[in-house]
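A.B. asks: Can you read through this structure? Questions will come right after.
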(Lines give C-alpha, C1' and ligand atoms only; values in the text may rest on other atoms or scores of the structure.)
Protein backbone atom coordinates (compact mmCIF):
# COMPACT_ATOMS: atom_id res chain seq x y z
CA UNK A 1 0.00 0.00 0.00
CA UNK A 2 1.39 3.35 -0.95
CA UNK A 3 0.52 6.87 -0.06
CA UNK A 4 1.18 9.77 -2.36
CA UNK A 5 0.82 13.25 -0.99
CA UNK A 6 -0.47 15.47 -3.76
CA UNK A 7 -0.85 18.75 -1.94
CA UNK A 8 -1.73 20.06 1.45
CA UNK A 9 -5.28 20.98 0.46
CA UNK A 10 -8.01 18.39 0.80
CA UNK A 11 -8.78 16.41 -2.31
CA UNK A 12 -12.53 16.88 -2.68
CA UNK A 13 -13.00 14.22 -5.34
CA UNK A 14 -11.02 12.10 -7.78
CA UNK A 15 -11.48 9.87 -10.80
CA UNK A 16 -9.21 7.43 -12.64
CA UNK A 17 -8.96 6.82 -16.36
CA UNK A 18 -9.41 3.36 -17.85
CA UNK A 19 -5.86 2.03 -17.57
CA UNK A 20 -5.25 3.81 -14.26
CA UNK A 21 -2.34 5.84 -15.61
CA UNK A 22 -4.01 9.19 -15.08
CA UNK A 23 -5.94 10.58 -12.16
CA UNK A 24 -8.15 13.68 -12.17
CA UNK A 25 -8.41 15.39 -8.78
CA UNK A 26 -9.84 18.61 -7.51
CA UNK A 27 -7.76 20.29 -4.80
CA UNK A 28 -10.70 21.97 -3.09
CA UNK A 29 -10.98 24.79 -5.61
CA UNK A 30 -12.52 25.62 -8.96
CA UNK A 31 -10.12 23.50 -11.03
CA UNK A 32 -9.51 19.91 -11.94
CA UNK A 33 -5.90 18.79 -12.18
CA UNK A 34 -5.02 15.71 -14.20
CA UNK A 35 -1.84 13.93 -13.17
CA UNK A 36 -0.04 11.36 -15.31
CA UNK A 37 1.96 8.59 -13.82
CA UNK A 38 5.57 8.56 -14.95
CA UNK A 39 7.68 5.98 -13.18
CA UNK A 40 7.08 6.49 -9.51
CA UNK A 41 6.09 10.11 -9.73
CA UNK A 42 2.89 11.87 -10.63
CA UNK A 43 3.33 14.73 -13.08
CA UNK A 44 0.64 17.33 -13.65
CA UNK A 45 -0.52 17.03 -17.26
CA UNK A 46 -3.62 19.21 -17.58
CA UNK A 47 -5.57 21.84 -15.69
CA UNK A 48 -9.25 22.07 -16.44
CA UNK A 49 -10.51 25.52 -15.58
CA UNK A 50 -14.08 26.30 -16.42
CA UNK A 51 -16.12 26.09 -13.25
CA UNK A 52 -16.91 29.18 -11.21
CA UNK A 53 -17.40 27.36 -7.98
CA UNK A 54 -15.79 24.51 -6.06
CA UNK A 55 -15.91 21.20 -7.86
CA UNK A 56 -17.89 18.63 -5.92
CA UNK A 57 -17.82 15.63 -8.23
CA UNK A 58 -15.68 14.17 -11.02
CA UNK A 59 -16.26 11.01 -12.99
CA UNK A 60 -14.16 9.61 -15.85
CA UNK A 61 -15.89 7.32 -18.31
CA UNK A 62 -13.45 4.48 -19.10
CA UNK A 63 -14.64 3.51 -22.59
CA UNK A 64 -15.51 6.84 -24.15
CA UNK A 65 -12.75 8.72 -22.27
CA UNK A 66 -14.97 11.61 -21.27
CA UNK A 67 -14.84 13.40 -17.94
CA UNK A 68 -17.91 14.90 -16.33
CA UNK A 69 -17.50 17.42 -13.50
CA UNK A 70 -20.07 19.20 -11.39
CA UNK A 71 -19.69 22.04 -8.95
CA UNK A 72 -21.20 24.48 -6.55
CA UNK A 73 -21.81 26.87 -9.46
CA UNK A 74 -24.88 24.71 -10.32
CA UNK A 75 -23.30 23.55 -13.59
CA UNK A 76 -21.88 20.37 -15.02
CA UNK A 77 -19.36 20.14 -17.83
CA UNK A 78 -18.59 17.17 -20.05
CA UNK A 79 -14.94 17.26 -21.14
CA UNK A 80 -13.69 15.50 -24.28
CA UNK A 81 -10.07 15.14 -25.25
CA UNK A 82 -9.34 16.81 -28.58
CA UNK A 83 -5.73 16.21 -29.47
CA UNK A 84 -3.95 17.19 -26.30
CA UNK A 85 -6.53 19.54 -24.87
CA UNK A 86 -9.66 18.84 -22.87
CA UNK A 87 -12.63 20.77 -24.28
CA UNK A 88 -15.65 21.43 -22.05
CA UNK A 89 -19.31 21.29 -23.03
CA UNK A 90 -21.76 22.93 -20.67
CA UNK A 91 -24.73 20.87 -19.50
CA UNK A 92 -27.71 22.85 -18.22
CA UNK A 93 -28.93 21.03 -15.15
CA UNK A 94 -31.81 23.38 -14.31
CA UNK A 95 -31.01 23.33 -10.61
CA UNK A 96 -30.97 26.30 -8.31
CA UNK A 97 -28.57 24.93 -5.70
CA UNK A 98 -25.12 23.42 -5.84
CA UNK A 99 -24.52 20.08 -7.52
CA UNK A 100 -23.10 17.53 -5.08
CA UNK A 101 -22.12 14.36 -6.92
CA UNK A 102 -22.01 13.00 -10.45
CA UNK A 103 -21.60 9.52 -11.96
CA UNK A 104 -21.57 8.11 -15.49
CA UNK A 105 -23.92 5.23 -16.11
CA UNK A 106 -22.28 1.85 -16.90
CA UNK A 107 -22.95 2.23 -20.66
CA UNK A 108 -21.80 5.87 -20.54
CA UNK A 109 -24.77 7.19 -22.46
CA UNK A 110 -26.19 8.98 -19.41
CA UNK A 111 -24.95 10.54 -16.24
CA UNK A 112 -26.75 11.51 -13.05
CA UNK A 113 -26.11 14.57 -10.88
CA UNK A 114 -27.30 14.87 -7.29
CA UNK A 115 -27.82 18.36 -5.98
CA UNK A 116 -28.91 20.50 -3.08
CA UNK A 117 -32.11 21.39 -4.95
CA UNK A 118 -33.54 18.11 -3.66
CA UNK A 119 -33.54 16.45 -7.05
CA UNK A 120 -31.48 14.21 -9.31
CA UNK A 121 -30.76 15.37 -12.87
CA UNK A 122 -30.37 12.48 -15.29
CA UNK A 123 -28.66 13.80 -18.43
CA UNK A 124 -28.40 12.19 -21.86
CA UNK A 125 -27.12 13.38 -25.22
CA UNK A 126 -29.69 14.31 -27.80
CA UNK A 127 -28.25 13.66 -31.25
CA UNK A 128 -30.56 15.97 -33.26
CA UNK A 129 -29.76 19.06 -31.23
CA UNK A 130 -26.17 18.10 -30.41
CA UNK A 131 -26.90 19.00 -26.82
CA UNK A 132 -27.08 17.36 -23.41
CA UNK A 133 -30.62 17.31 -22.07
CA UNK A 134 -31.66 16.51 -18.53
CA UNK A 135 -34.69 15.02 -16.83
CA UNK A 136 -35.43 15.50 -13.15
CA UNK A 137 -36.32 13.00 -10.46
CA UNK A 138 -38.00 15.00 -7.71
CA UNK A 139 -40.45 12.93 -5.71
CA UNK A 140 -40.19 11.92 -2.90
CA UNK A 141 -36.78 13.44 -2.20
CA UNK A 142 -36.93 15.92 0.67
CA UNK A 143 -33.34 17.05 1.02
CA UNK A 144 -29.91 17.25 -0.62
CA UNK A 145 -28.72 14.18 -2.51
CA UNK A 146 -25.25 13.33 -1.26
CA UNK A 147 -24.24 10.28 -3.26
CA UNK A 148 -25.28 8.23 -6.28
CA UNK A 149 -24.47 4.82 -7.74
CA UNK A 150 -25.75 3.09 -10.90
CA UNK A 151 -27.00 -0.48 -11.11
CA UNK A 152 -25.19 -2.56 -13.76
CA UNK A 153 -28.36 -2.63 -15.90
CA UNK A 154 -27.87 1.09 -16.69
CA UNK A 155 -31.39 1.94 -15.52
CA UNK A 156 -31.59 1.80 -11.73
CA UNK A 157 -29.90 4.48 -9.67
CA UNK A 158 -29.29 4.36 -5.92
CA UNK A 159 -29.30 7.73 -4.17
CA UNK A 160 -28.39 8.59 -0.60
CA UNK A 161 -29.81 11.78 0.73
CA UNK A 162 -29.84 14.12 3.72
CA UNK A 163 -33.43 13.17 4.47
CA UNK A 164 -31.96 10.05 6.13
CA UNK A 165 -33.04 7.65 3.39
CA UNK A 166 -31.35 5.59 0.74
CA UNK A 167 -33.58 5.06 -2.28
CA UNK A 168 -33.35 3.22 -5.58
CA UNK A 169 -34.93 5.09 -8.49
CA UNK A 170 -35.49 4.11 -12.05
CA UNK A 171 -33.67 6.43 -14.44
CA UNK A 172 -34.98 4.79 -17.60
CA UNK A 173 -34.74 7.17 -20.56
CA UNK A 174 -36.69 5.80 -23.48
CA UNK A 175 -34.80 7.95 -26.00
CA UNK A 176 -31.52 6.19 -25.44
CA UNK A 177 -32.30 2.65 -24.39
CA UNK A 178 -34.77 -0.19 -24.56
CA UNK A 179 -36.98 -1.41 -21.76
CA UNK A 180 -34.91 -3.12 -19.10
CA UNK A 181 -35.43 -6.72 -18.03
CA UNK A 182 -36.94 -7.34 -14.57
CA UNK A 183 -34.47 -7.20 -11.68
CA UNK A 184 -34.47 -8.17 -8.03
CA UNK A 185 -35.81 -4.70 -7.22
CA UNK A 186 -38.91 -4.89 -9.40
CA UNK A 187 -40.01 -5.26 -12.99
CA UNK A 188 -41.91 -2.10 -13.83
CA UNK A 189 -39.43 0.74 -14.10
CA UNK A 190 -40.91 3.95 -15.49
CA UNK A 191 -38.74 7.01 -15.10
CA UNK A 192 -38.63 8.33 -11.55
CA UNK A 193 -40.23 5.28 -9.96
CA UNK A 194 -39.03 4.50 -6.43
CA UNK A 195 -38.08 0.83 -6.39
CA UNK A 196 -36.82 0.78 -2.83
CA UNK A 197 -36.71 3.15 0.12
CA UNK A 198 -34.76 2.41 3.27
CA UNK A 199 -36.18 2.50 6.77
CA UNK A 200 -34.56 2.12 10.10
CA UNK A 201 -31.36 4.11 10.00
CA UNK A 202 -31.28 7.78 10.82
CA UNK A 203 -28.51 10.11 9.81
CA UNK A 204 -27.50 11.58 6.46
CA UNK A 205 -26.54 8.94 3.94
CA UNK A 206 -22.99 9.77 2.92
CA UNK A 207 -22.11 6.90 0.63
CA UNK A 208 -24.06 4.33 -1.37
CA UNK A 209 -22.92 1.43 -3.54
CA UNK A 210 -24.52 -1.38 -5.55
CA UNK A 211 -22.86 -4.79 -5.49
CA UNK A 212 -21.48 -6.22 -8.71
CA UNK A 213 -24.63 -8.18 -9.50
CA UNK A 214 -26.83 -5.25 -8.54
CA UNK A 215 -28.87 -7.36 -6.14
CA UNK A 216 -27.50 -5.69 -3.05
CA UNK A 217 -27.06 -2.09 -2.11
CA UNK A 218 -25.01 -0.82 0.81
CA UNK A 219 -25.02 2.62 2.39
CA UNK A 220 -23.13 4.40 5.15
CA UNK A 221 -24.94 6.95 7.22
CA UNK A 222 -23.97 9.66 9.63
CA UNK A 223 -25.21 7.87 12.74
CA UNK A 224 -22.18 5.58 12.48
CA UNK A 225 -24.08 2.74 10.85
CA UNK A 226 -23.58 0.72 7.70
CA UNK A 227 -26.54 -1.06 6.18
CA UNK A 228 -27.05 -3.55 3.35
CA UNK A 229 -30.34 -4.21 1.61
CA UNK A 230 -30.94 -7.23 -0.58
CA UNK A 231 -33.55 -6.99 -3.30
CA UNK A 232 -36.26 -9.56 -3.60
CA UNK A 233 -40.02 -9.82 -3.21
CA UNK A 234 -39.59 -7.91 0.01
CA UNK A 235 -36.29 -6.14 0.36
CA UNK A 236 -34.33 -7.28 3.39
CA UNK A 237 -32.45 -4.52 5.22
CA UNK A 238 -29.69 -5.25 7.71
CA UNK A 239 -27.73 -2.62 9.50
CA UNK A 240 -24.73 -2.60 11.78
CA UNK A 241 -24.04 0.14 14.32
CA UNK A 242 -20.32 0.64 14.40
CA UNK A 243 -18.24 1.90 17.27
CA UNK A 244 -16.33 4.37 15.19
CA UNK A 245 -16.90 7.83 13.84
CA UNK A 246 -19.28 8.09 10.86
CA UNK A 247 -18.16 6.56 7.57
CA UNK A 248 -18.21 8.70 4.45
CA UNK A 249 -17.80 6.28 1.57
CA UNK A 250 -18.47 2.61 1.00
CA UNK A 251 -17.84 0.15 -1.81
CA UNK A 252 -18.27 -3.57 -2.40
CA UNK A 253 -15.05 -5.44 -3.09
CA UNK A 254 -16.64 -8.85 -3.54
CA UNK A 255 -20.29 -9.81 -3.51
CA UNK A 256 -20.15 -10.28 0.27
CA UNK A 257 -17.54 -7.85 1.51
CA UNK A 258 -17.58 -4.11 1.78
CA UNK A 259 -14.84 -1.65 2.48
CA UNK A 260 -15.83 1.67 4.01
CA UNK A 261 -13.85 4.66 5.22
CA UNK A 262 -14.63 7.96 6.84
CA UNK A 263 -13.81 10.29 9.65
CA UNK A 264 -11.67 7.74 11.44
CA UNK A 265 -9.06 8.00 8.68
CA UNK A 266 -8.67 4.28 8.05
CA UNK A 267 -10.61 1.86 5.83
CA UNK A 268 -12.68 -0.80 7.52
CA UNK A 269 -13.92 -4.14 6.24
CA UNK A 270 -17.48 -5.44 6.72
CA UNK A 271 -18.73 -8.87 5.78
CA UNK A 272 -22.34 -9.59 4.82
CA UNK A 273 -23.73 -13.04 5.42
CA UNK A 274 -26.81 -13.46 3.28
CA UNK A 275 -27.93 -16.74 4.89
CA UNK A 276 -28.45 -15.06 8.23
CA UNK A 277 -28.97 -11.57 6.79
CA UNK A 278 -26.25 -10.35 9.12
CA UNK A 279 -23.61 -7.71 8.68
CA UNK A 280 -20.48 -8.00 10.75
CA UNK A 281 -17.31 -6.04 11.31
CA UNK A 282 -14.39 -7.68 9.51
CA UNK A 283 -11.42 -5.65 10.68
CA UNK A 284 -9.49 -2.43 10.47
CA UNK A 285 -7.60 -2.28 7.19
CA UNK A 286 -4.67 -0.15 8.20
CA UNK A 287 -1.14 -1.23 8.88
CA UNK A 288 0.14 1.19 11.46
CA UNK A 289 3.82 1.70 11.83
CA UNK A 290 5.01 0.01 14.98
CA UNK A 291 5.92 2.98 17.12
CA UNK A 292 8.66 2.39 19.64
CA UNK A 293 7.20 1.84 23.08
CA UNK A 294 8.77 4.39 25.34
CA UNK A 295 8.84 3.60 29.00
CA UNK A 296 7.02 6.19 31.06
CA UNK A 297 8.68 7.91 33.95
CA UNK A 298 6.79 8.33 37.18
CA UNK A 299 6.62 12.06 36.53
CA UNK A 300 4.90 11.50 33.17
CA UNK A 301 2.41 9.14 34.80
CA UNK A 302 1.53 11.73 37.39
CA UNK A 303 1.21 14.44 34.76
CA UNK A 304 -1.10 12.28 32.68
CA UNK A 305 -3.20 11.51 35.70
CA UNK A 306 -3.48 15.19 36.44
CA UNK A 307 -4.26 16.29 32.88
CA UNK A 308 -6.34 13.43 31.53
CA UNK A 309 -7.47 11.49 34.61
CA UNK A 310 -5.97 8.31 33.22
CA UNK A 311 -2.53 6.81 33.33
CA UNK A 312 -1.92 5.70 29.76
CA UNK A 313 -0.63 8.22 27.26
CA UNK A 314 -2.23 7.84 23.87
CA UNK A 315 -0.14 9.69 21.40
CA UNK A 316 -1.93 12.67 19.92
CA UNK A 317 -0.61 11.70 16.48
CA UNK A 318 -2.76 9.52 14.26
CA UNK A 319 -1.20 6.20 13.45
CA UNK A 320 -3.11 5.60 10.27
CA UNK A 321 -1.86 6.14 6.74
CA UNK A 322 -4.21 9.01 6.05
CA UNK A 323 -3.90 11.91 8.45
CA UNK A 324 -7.39 13.25 7.99
CA UNK A 325 -10.84 11.99 7.03
CA UNK A 326 -11.10 9.82 3.95
CA UNK A 327 -13.75 11.23 1.65
CA UNK A 328 -13.74 8.94 -1.39
CA UNK A 329 -12.88 5.36 -2.19
CA UNK A 330 -12.60 3.94 -5.70
CA UNK A 331 -11.87 0.50 -7.12
CA UNK A 332 -8.73 0.33 -9.23
CA UNK A 333 -8.84 -3.13 -10.65
CA UNK A 334 -10.84 -6.27 -10.34
CA UNK A 335 -14.21 -4.52 -10.42
CA UNK A 336 -16.71 -4.81 -7.60
CA UNK A 337 -16.70 -8.58 -7.84
CA UNK A 338 -13.09 -9.36 -7.13
CA UNK A 339 -11.37 -6.16 -6.29
CA UNK A 340 -7.60 -6.43 -6.14
CA UNK A 341 -6.69 -2.82 -5.49
CA UNK A 342 -8.60 0.20 -4.28
CA UNK A 343 -7.69 3.82 -3.80
CA UNK A 344 -8.70 6.34 -1.13
CA UNK A 345 -8.38 10.11 -1.12
CA UNK A 346 -8.98 12.38 1.77
CA UNK A 347 -8.92 15.73 3.40
CA UNK A 348 -5.20 15.50 4.03
CA UNK A 349 -4.49 15.85 0.29
CA UNK A 350 -3.13 12.33 0.09
CA UNK A 351 -4.03 9.42 -2.15
CA UNK A 352 -3.38 5.92 -0.92
CA UNK A 353 -3.52 2.75 -2.98
CA UNK A 354 -4.36 -0.40 -1.06
CA UNK A 355 -3.65 -3.91 -2.26
CA UNK A 356 -6.19 -6.44 -1.09
CA UNK A 357 -3.83 -9.43 -1.13
CA UNK A 358 -1.20 -7.76 1.05
CA UNK A 359 -3.90 -6.59 3.45
CA UNK A 360 -5.27 -10.10 3.70
CA UNK A 361 -1.89 -11.50 4.56
CA UNK A 362 -1.03 -8.68 6.96
CA UNK A 363 -4.18 -8.97 9.05
CA UNK A 364 -4.27 -12.48 10.37
CA UNK A 365 -7.96 -12.74 11.10
CA UNK A 366 -9.11 -10.97 8.00
CA UNK A 367 -11.28 -13.04 5.74
CA UNK A 368 -12.51 -11.53 2.53
CA UNK A 369 -15.35 -13.82 1.56
CA UNK B 1 -74.10 39.75 2.00
CA UNK B 2 -73.17 41.06 5.35
CA UNK B 3 -69.49 41.38 5.84
CA UNK B 4 -68.19 40.55 9.27
CA UNK B 5 -66.44 43.74 10.21
CA UNK B 6 -65.75 42.68 13.77
CA UNK B 7 -62.55 40.76 14.48
CA UNK B 8 -62.70 37.04 13.77
CA UNK B 9 -59.92 35.97 16.11
CA UNK B 10 -62.36 33.81 18.01
CA UNK B 11 -62.18 31.38 15.12
CA UNK B 12 -58.59 30.60 15.96
CA UNK B 13 -59.21 29.63 19.58
CA UNK B 14 -58.90 25.92 20.29
CA UNK B 15 -62.01 25.31 22.35
CA UNK B 16 -61.04 21.75 23.26
CA UNK B 17 -58.07 22.96 25.27
CA UNK B 18 -60.37 24.60 27.78
CA UNK B 19 -62.73 21.65 28.22
CA UNK B 20 -62.52 20.30 31.78
CA UNK B 21 -63.28 16.77 30.65
CA UNK B 22 -60.53 16.72 28.12
CA UNK B 23 -59.00 13.30 27.56
CA UNK B 24 -55.32 13.11 28.47
CA UNK B 25 -53.19 10.39 26.92
CA UNK B 26 -52.16 7.41 28.98
CA UNK B 27 -48.65 7.97 30.15
CA UNK B 28 -46.21 5.35 29.02
CA UNK B 29 -42.80 4.30 30.26
CA UNK B 30 -41.43 4.20 33.78
CA UNK B 31 -42.63 1.11 35.58
CA UNK B 32 -41.10 1.25 39.06
CA UNK B 33 -42.74 4.13 40.78
CA UNK B 34 -41.23 3.43 44.17
CA UNK B 35 -37.53 3.52 43.47
CA UNK B 36 -35.19 0.58 43.07
CA UNK B 37 -34.88 -2.26 45.51
CA UNK B 38 -31.40 -2.44 46.95
CA UNK B 39 -31.08 -6.07 46.05
CA UNK B 40 -32.08 -6.08 42.43
CA UNK B 41 -30.19 -3.26 40.81
CA UNK B 42 -29.56 -5.14 37.55
CA UNK B 43 -33.23 -5.85 37.17
CA UNK B 44 -34.04 -2.24 37.91
CA UNK B 45 -31.63 -1.10 35.21
CA UNK B 46 -33.20 -3.40 32.63
CA UNK B 47 -36.71 -2.38 33.61
CA UNK B 48 -36.08 1.33 33.55
CA UNK B 49 -34.47 1.10 30.09
CA UNK B 50 -37.41 -0.81 28.65
CA UNK B 51 -40.04 1.23 26.76
CA UNK B 52 -38.23 4.54 26.60
CA UNK B 53 -40.56 7.49 25.91
CA UNK B 54 -39.09 8.16 22.50
CA UNK B 55 -42.26 8.51 20.52
CA UNK B 56 -44.28 10.61 22.91
CA UNK B 57 -44.35 14.39 22.68
CA UNK B 58 -45.35 14.77 26.30
CA UNK B 59 -42.49 16.47 28.09
CA UNK B 60 -43.72 15.32 31.54
CA UNK B 61 -43.43 11.69 30.58
CA UNK B 62 -39.91 12.22 29.37
CA UNK B 63 -38.92 14.12 32.51
CA UNK B 64 -40.30 11.41 34.75
CA UNK B 65 -38.52 8.68 32.84
CA UNK B 66 -35.29 10.59 33.03
CA UNK B 67 -35.67 11.13 36.77
CA UNK B 68 -36.22 7.41 37.31
CA UNK B 69 -33.21 6.45 35.24
CA UNK B 70 -31.06 8.91 37.14
CA UNK B 71 -32.23 7.42 40.45
CA UNK B 72 -31.34 3.92 39.34
CA UNK B 73 -27.96 4.99 37.97
CA UNK B 74 -27.04 6.82 41.18
CA UNK B 75 -27.95 3.86 43.36
CA UNK B 76 -25.35 1.64 41.70
CA UNK B 77 -22.05 1.16 43.51
CA UNK B 78 -19.01 2.32 41.52
CA UNK B 79 -17.70 -1.22 41.23
CA UNK B 80 -20.99 -2.52 39.90
CA UNK B 81 -21.29 0.00 37.09
CA UNK B 82 -19.18 -2.07 34.74
CA UNK B 83 -21.29 -5.18 35.30
CA UNK B 84 -24.40 -3.12 34.71
CA UNK B 85 -23.12 -1.94 31.34
CA UNK B 86 -22.07 -5.47 30.33
CA UNK B 87 -25.58 -6.73 30.93
CA UNK B 88 -26.95 -4.43 28.22
CA UNK B 89 -27.08 -5.23 24.53
CA UNK B 90 -25.99 -2.80 21.79
CA UNK B 91 -29.28 -0.94 21.68
CA UNK B 92 -29.30 -0.79 25.45
CA UNK B 93 -25.88 0.85 25.49
CA UNK B 94 -27.03 3.42 22.92
CA UNK B 95 -30.12 4.15 25.02
CA UNK B 96 -28.03 4.44 28.17
CA UNK B 97 -25.79 6.98 26.42
CA UNK B 98 -28.85 9.00 25.49
CA UNK B 99 -29.98 9.14 29.09
CA UNK B 100 -26.47 10.01 30.28
CA UNK B 101 -26.26 13.00 27.98
CA UNK B 102 -29.81 14.01 28.89
CA UNK B 103 -28.73 13.90 32.52
CA UNK B 104 -25.70 16.09 31.77
CA UNK B 105 -28.03 18.77 30.46
CA UNK B 106 -29.47 19.43 33.88
CA UNK B 107 -26.84 18.76 36.51
CA UNK B 108 -27.84 18.40 40.11
CA UNK B 109 -25.52 18.06 43.12
CA UNK B 110 -23.93 14.74 42.61
CA UNK B 111 -25.36 13.66 39.28
CA UNK B 112 -22.45 14.71 37.07
CA UNK B 113 -19.86 12.65 38.89
CA UNK B 114 -21.99 9.53 38.80
CA UNK B 115 -22.91 10.11 35.18
CA UNK B 116 -19.26 10.56 34.25
CA UNK B 117 -18.44 7.16 35.69
CA UNK B 118 -21.29 5.60 33.74
CA UNK B 119 -20.14 7.50 30.66
CA UNK B 120 -16.65 6.06 30.89
CA UNK B 121 -17.92 2.50 31.08
CA UNK B 122 -20.55 2.97 28.41
CA UNK B 123 -17.92 4.52 26.12
CA UNK B 124 -15.66 1.52 26.40
CA UNK B 125 -18.63 -0.72 25.56
CA UNK B 126 -20.22 1.31 22.78
CA UNK B 127 -17.32 3.28 21.37
CA UNK B 128 -17.48 6.72 19.84
CA UNK B 129 -20.26 5.46 17.56
CA UNK B 130 -22.74 5.38 20.42
CA UNK B 131 -22.07 9.08 21.12
CA UNK B 132 -22.52 9.89 17.42
CA UNK B 133 -25.87 8.11 17.57
CA UNK B 134 -26.93 10.28 20.52
CA UNK B 135 -26.07 13.39 18.52
CA UNK B 136 -27.77 12.32 15.28
CA UNK B 137 -30.88 10.71 16.74
CA UNK B 138 -34.08 12.29 15.50
CA UNK B 139 -36.22 11.07 18.38
CA UNK B 140 -34.78 12.06 21.73
CA UNK B 141 -35.39 10.24 24.94
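The values are calculated or read from the model by the stated rules, or taken from the named source; none is laboratory data. The structure displayed is predicted, hence computed values, not measured ones. For neighbour counting, all protein chains shown are included, and Cβ atoms are generated from backbone atoms with ideal geometry for every residue, glycine included.
A.B. asks: Given B:76, B:104, which one is touching a helix residue (DSSP H, G or I) at 6+ places or on another chain (Cβ under 7 Å), part of a loop (DSSP other than H, G, I, E, B), away from chain A (no Cβ under 12 Å) and more than 20 Å from residue B:51 (Cβ to Cβ)?
C.D. replies: Going through B:76, B:104 in turn, the sole match is B:76.
A.B. asks: Now, a different point. Please specify each residue of the stretch A:228-242 satisfying the condition of being surrounded by fewer than 23 Cβ atoms within 10 Å (Cβ to Cβ) and assigned to a strand (DSSP E or B).
C.D. replies: A:230, A:236, A:237, A:238, A:239, A:240, A:241
A.B. asks: Continuing with the same structure: Any idea how many residues of the stretch A:188-197 are over 19 Å from residue A:111 (Cβ atoms), assigned to a loop (DSSP other than H, G, I, E, B) and modelled with pLDDT of 90 or more?
C.D. replies: Residues meeting the conditions: 2.
Residue-by-condition table, conditions (1) crowded, with 19+ Cβ neighbours inside 10 Å; (2) in contact (Cβ under 8 Å) with a residue 40 or more places away in the chain; (3) assigned to a helix (DSSP H, G or I); (4) on the phi < 0 side of the Ramachandran plot:
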{"site": "B:46", "(1), (2), (3), (4)": "no, yes, yes, yes"}
{"site": "B:51", "(1), (2), (3), (4)": "no, no, no, no"}
{"site": "B:62", "(1), (2), (3), (4)": "yes, yes, yes, yes"}
{"site": "B:67", "(1), (2), (3), (4)": "no, no, yes, yes"}
{"site": "B:70", "(1), (2), (3), (4)": "yes, yes, yes, yes"}
{"site": "B:91", "(1), (2), (3), (4)": "no, no, yes, yes"}
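A.B. asks: Here is a further query. Mind listing whichever residues of the stretch B:82-101 are in contact with a helix residue (DSSP H, G or I) (Cβ under 7 Å, 6 or more places away or on another chain) and either within 11 Å of chain A (Cβ to nearest Cβ) or under 23 Å from residue B:64 (Cβ atoms) (or both)?
C.D. replies: Of everything in the stretch B:82-101, those that are in contact with a helix residue (DSSP H, G or I) (Cβ under 7 Å, 6 or more places away or on another chain) and either within 11 Å of chain A (Cβ to nearest Cβ) or under 23 Å from residue B:64 (Cβ atoms) (or both) turn out to be B:84, B:88, B:92, B:93, B:94, B:95, B:96, B:97, B:98, B:99, B:100, B:101.
A.B. asks: From the set of residues in the stretch B:131-141 that are more than 13 Å from the chain's Cα centre (by Cα) and either farther than 17 Å from residue B:85 by Cβ or more than 7 Å from chain A (Cβ to nearest Cβ) (or both), which is surrounded by the most Cβ atoms within 10 Å (Cβ to Cβ)?
C.D. replies: My answer is B:132.
A.B. asks: A follow-up question, please. Say we look at the stretch A:87-117 and pick out the residues that are surrounded by 21 or more Cβ atoms within 10 Å (Cβ to Cβ) and more than 18 Å from the chain's Cα centre (by Cα); which of these is farthest from residue A:205 (Cα to Cα)?
C.D. replies: A:91
A.B. asks: Within the stretch A:110-161, track down each residue that is farther than 16 Å from residue A:191 by Cα, assigned to a loop (DSSP other than H, G, I, E, B) and touching a strand residue (DSSP E or B) at 6+ places or on another chain (Cβ under 8 Å).
C.D. replies: A:116, A:118, A:142, A:143, A:144, A:152
A.B. asks: Quick check on the stretch A:164-173. Is at least one of its residues within 14 Å of chain B (Cβ to nearest Cβ), buried (at least 20 other Cβ atoms within 10 Å of the Cβ) and over 16 Å from the mean Cα position of the chain (by Cα)?
C.D. replies: yes
A.B. asks: Right, something else. Looking at the stretch A:238-253, I want the residues that are more than 15 Å from residue B:124 (Cα to Cα) and within 13 Å of chain B (Cβ to nearest Cβ) and have a partner that is at pLDDT 90 or above and assigned to a loop (DSSP other than H, G, I, E, B) with Cβ atoms under 6 Å, at least 6 apart or on another chain. Which pairs are those?
C.D. replies: Here the result reads A:246/A:222; A:246/A:224; A:246/A:263, each pair linking the stretch A:238-253 to a residue that is at pLDDT 90 or above and assigned to a loop (DSSP other than H, G, I, E, B).
A.B. asks: Consider residue A:29 carefully, then state whether it is surrounded by fewer than 17 Cβ atoms within 10 Å (Cβ to Cβ) and in contact (Cβ under 8 Å) with a residue 12 or more places away in the chain.
C.D. replies: yes
A.B. asks: While we're on this one: For the stretch A:192-228, give me each residue that is within 24 Å of residue A:179 (Cβ to Cβ), in contact with a strand residue (DSSP E or B) (Cβ under 8 Å, 6 or more places away or on another chain) and in contact (Cβ under 8 Å) with a residue 60 or more places away in the chain.
C.D. replies: A:210, A:211, A:212, A:214, A:217
A.B. asks: Would you confirm whether or not the stretch B:118-129 contains a residue that is surrounded by fewer than 13 Cβ atoms within 10 Å (Cβ to Cβ), in contact with a helix residue (DSSP H, G or I) (Cβ under 9 Å, 6 or more places away or on another chain), within 12 Å of chain A (Cβ to nearest Cβ) and not in a helix (DSSP H, G or I)?
C.D. replies: no
A.B. asks: When both residues are 6+ apart or on different chains and their Cβ atoms are under 6 Å apart, which pairs have a first residue that lies in the stretch A:134-154 and is under 15 Å from residue A:198 (Cβ atoms), and a second that is surrounded by fewer than 17 Cβ atoms within 10 Å (Cβ to Cβ)?
C.D. replies: Between residues of the stretch A:134-154 that are under 15 Å from residue A:198 (Cβ atoms) and residues that are surrounded by fewer than 17 Cβ atoms within 10 Å (Cβ to Cβ), the close pairs are A:142/A:163; A:143/A:163.
A.B. asks: Here's a check for you: in the stretch A:254-268, which residue that is closer than 18 Å to residue A:211 by Cα and in a strand (DSSP E or B) is farthest from the other protein chains (Cβ to nearest Cβ)?
C.D. replies: Filtering the stretch A:254-268 for residues that are closer than 18 Å to residue A:211 by Cα and in a strand (DSSP E or B), the one farthest from the other protein chains (Cβ to nearest Cβ) comes out as A:257.
A.B. asks: When the stretch B:93-110 is examined, which residues are found to be within 21 Å of residue B:46 (Cβ to Cβ) and over 13 Å from the mean Cα position of the chain (by Cα)?
C.D. replies: Scanning the stretch B:93-110 gives a single hit, B:93.
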